[in-house]
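Data first, discussion second: the structure below is written as structure tokens.
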């Protein structure tokens, strides 16, 4: 028969619970130290100046923009003396190149707060960022009330990109005498 030892071996993990408690105490002390010595900080607020945005935008011809709109997506541009071809609700309008290619321009709430209105045939100068049109953009415009019916939705779906105008300077109606 095999003999079994009569002595009991001590477990190597006999005091491991002490190390566990010590670890929790050290972590707790570290968290307390962080809470006491940390300085509160809030989110960083960056305010843009309209005049600074106006200067930073590159002046682009409407024909160049429409011809290569994918190159301008995400950039700020300035379009000077563009004609208002037609309105799209109260918050957007269509302009057209000399060849008749349409391009959509939407007012930001800041531009609308300035009380600017545009009418068909008027010339305007706009500054804003170019965005690609998508179904989610159209859905958000419907929720905001910028698009109010199926006809306006169909018109907006025609656009592949649009300019979100932060600055709108209205000019004289086309054909009006200048003083």
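The values are calculated or read from the model by the stated rules, or taken from the named source; none is laboratory data. The structure displayed is predicted, hence computed values, not measured ones. So basically every Cβ, Gly included, is an ideal-geometry build from the backbone, and we count neighbours across all protein chains shown.
Looking at 159, 146, 150 in this structure, which one is crowded, with 16+ Cβ neighbours inside 10 Å and over 18 Å from residue 64 (Cα atoms)?
Details: 159 fails: over 18 Å from residue 64 (Cα atoms); 150 fails: crowded, with 16+ Cβ neighbours inside 10 Å.
From the options 159, 146, 150, the qualifying one is 146.
I'm told residue 98 meets every condition in (1) exposed (fewer than 13 other Cβ atoms within 10 Å of the Cβ); (2) part of a strand (DSSP E or B) except one. Can you identify the failing condition by its number?
In the conditions (1) exposed (fewer than 13 other Cβ atoms within 10 Å of the Cβ); (2) part of a strand (DSSP E or B), residue 98 misses (2) alone.
Residue by residue through segment 139-175, note down the ones that are part of a loop (DSSP other than H, G, I, E, B), in contact with a strand residue (DSSP E or B) (Cβ under 9 Å, 6 or more places away or on another chain) and modelled with pLDDT under 85. Steps first, please.
Here is the first cut: in segment 139-175, the ones part of a loop (DSSP other than H, G, I, E, B) are 145-149, 159-160, 174-175.
Narrowing the set further to residues that are in contact with a strand residue (DSSP E or B) (Cβ under 9 Å, 6 or more places away or on another chain) leaves 146-147, 159-160, 174.
Those that are part of a loop (DSSP other than H, G, I, E, B), in contact with a strand residue (DSSP E or B) (Cβ under 9 Å, 6 or more places away or on another chain) and modelled with pLDDT under 85: 146, 147, 174.
Tell me which residues, restricted to segment 77-95, are surrounded by fewer than 15 Cβ atoms within 10 Å (Cβ to Cβ) and assigned to a strand (DSSP E or B).
Those that are surrounded by fewer than 15 Cβ atoms within 10 Å (Cβ to Cβ) and assigned to a strand (DSSP E or B): 81, 86.
Name every residue in segment 31-60 that is surrounded by 14 or more Cβ atoms within 10 Å (Cβ to Cβ) and either in a helix (DSSP H, G or I) or modelled with pLDDT of 90 or more (or both), in order of residue number.
Quick first cut of segment 31-60, residues surrounded by 14 or more Cβ atoms within 10 Å (Cβ to Cβ) only: 53-54, 57, 60.
Answer for segment 31-60, where residues must be surrounded by 14 or more Cβ atoms within 10 Å (Cβ to Cβ) and either in a helix (DSSP H, G or I) or modelled with pLDDT of 90 or more (or both): 53, 54.
When you check residue 74 against the structure, is it at pLDDT 80 or above, outside any strand (DSSP E or B) and in contact with a strand residue (DSSP E or B) (Cβ under 8 Å, 6 or more places away or on another chain), yes or no? It would help to see each step written out before you state the result.
On the way: at pLDDT 80 or above: yes; outside any strand (DSSP E or B): yes; in contact with a strand residue (DSSP E or B) (Cβ under 8 Å, 6 or more places away or on another chain): yes.
Against the criterion (at pLDDT 80 or above, outside any strand (DSSP E or B) and in contact with a strand residue (DSSP E or B) (Cβ under 8 Å, 6 or more places away or on another chain)), residue 74 qualifies.
Quick one: would you say residue 12 is closer than 30 Å to residue 153 by Cα, surrounded by fewer than 16 Cβ atoms within 10 Å (Cβ to Cβ), at pLDDT below 90 and out of contact with any helix residue (DSSP H, G or I) (no Cβ under 8 Å at 6 or more places or on another chain)? Talk me through it step by step, then tell me what you get.
On the way: closer than 30 Å to residue 153 by Cα: no; surrounded by fewer than 16 Cβ atoms within 10 Å (Cβ to Cβ): yes; at pLDDT below 90: yes; out of contact with any helix residue (DSSP H, G or I) (no Cβ under 8 Å at 6 or more places or on another chain): yes.
In short, no.
Just to verify a result, which residue in segment 101-138, among those that are more than 15 Å from residue 155 (Cβ to Cβ) and in a helix (DSSP H, G or I), is modelled with the highest pLDDT?
Step by step, filter segment 101-138, then rank; the result is 136.
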